[in-house]
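The values are calculated or read from the model by the stated rules, or taken from the named source; none is laboratory data. Note that the structure is predicted; figures quoted are calculated from it, not measured. Here the Cβ is made from the backbone with ideal geometry for all residues, glycine too, and neighbour counts use every protein chain on show. Only protein heavy atoms, including side chains, enter the accessible area calculation; ligands, DNA and RNA are left aside. Shrake-Rupley method; radii C 1.70, N 1.55, O 1.52, S 1.80 Å.
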Amino acid sequence: QVQLVESGGGLVQAGDSLRLSCTASGRTISSYAMGWSRQAPGKGREFVAAISWSGGSTYYADSVKGRFTISRDNAKNTLYLQMNSLKPEDTAVYYCAADPRLRPQNYGMDYWGKGTLVTVSS
C-alpha cells in the first residue's frame with residue numbers, strides 16, 4: 001500500500017507560479033510510475049502529467065505542455081509539479097497517483113491522493 005498526500009495548492013493570480021508536492025509513505029516510490037491529474041469544478045478528472053519510475057520519461061497534456069514540469073525525488077519519496085504561467089482554466093483540484101505500471105493518461109492508477117486545490121484568479 002502506498003499513501004499519497006498532496007500539498008502546495010492555494011490561491012494565485014494569472015501568470016503566477018506554484019509548485020505542488022506529493023509525499024508518499026508506506027513504500028518507496030522508485031517502484032512506481034507516477035502522475036498528476038486534475039478535476040475542475042463541474043468537470044471530470046483529466047490527465048495533466050506522468051513520469052516514469054526513474055524520471056527519465058515524462059508526458060504532458062497539451063493544455064499544460066511548456067508551462068508545467070513534473071519531476072520526482074525518489075530519495076525523498078516525493079513527486080512534484082512545477083506550474084508556471086498559470087491560467088484561470090488551470091483552477092482545479094490536483095491529484096497525484098502511483099502505479100507499478102505506466103498508465104496512459106493516468107487511467108486506472110492504483111493509488112490516489114485526496115487532492116490539493118489550486119485556484120487561479122484572473
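Descriptive notes on the structure:
- Of all residues making up region 75-122, the number that are within 16 Å of L4 (Cα to Cα) and open to solvent by less than 50 Å² (accessible area, probe 1.4 Å): 19
This table checks each residue for (1) farther than 17 Å from L86 by Cα; (2) β-branched (V, I, T); (3) buried (at least 20 other Cβ atoms within 10 Å of the Cβ).
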{"site": "L4", "(1), (2), (3)": "yes, no, yes"}
{"site": "S17", "(1), (2), (3)": "no, no, no"}
{"site": "C22", "(1), (2), (3)": "yes, no, yes"}
{"site": "T28", "(1), (2), (3)": "yes, yes, no"}
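- Take the conditions (1) more than 15 Å from L117 (Cα to Cα); (2) modelled with pLDDT of 95 or more; Q82 misses just one of them, which is (1).
- Members of region 13-29 found to be under 19 Å from Y59 (Cβ atoms) and modelled with pLDDT under 95, listed by number: I29
- Residue within region 41-63 that is surrounded by 12 or more Cβ atoms within 10 Å (Cβ to Cβ), at pLDDT below 95 and over 19 Å from Q3 (Cβ atoms) present: yes
- Test: L11 is of a type in the set (A, V, I, L, M) and crowded, with 22+ Cβ neighbours inside 10 Å: no
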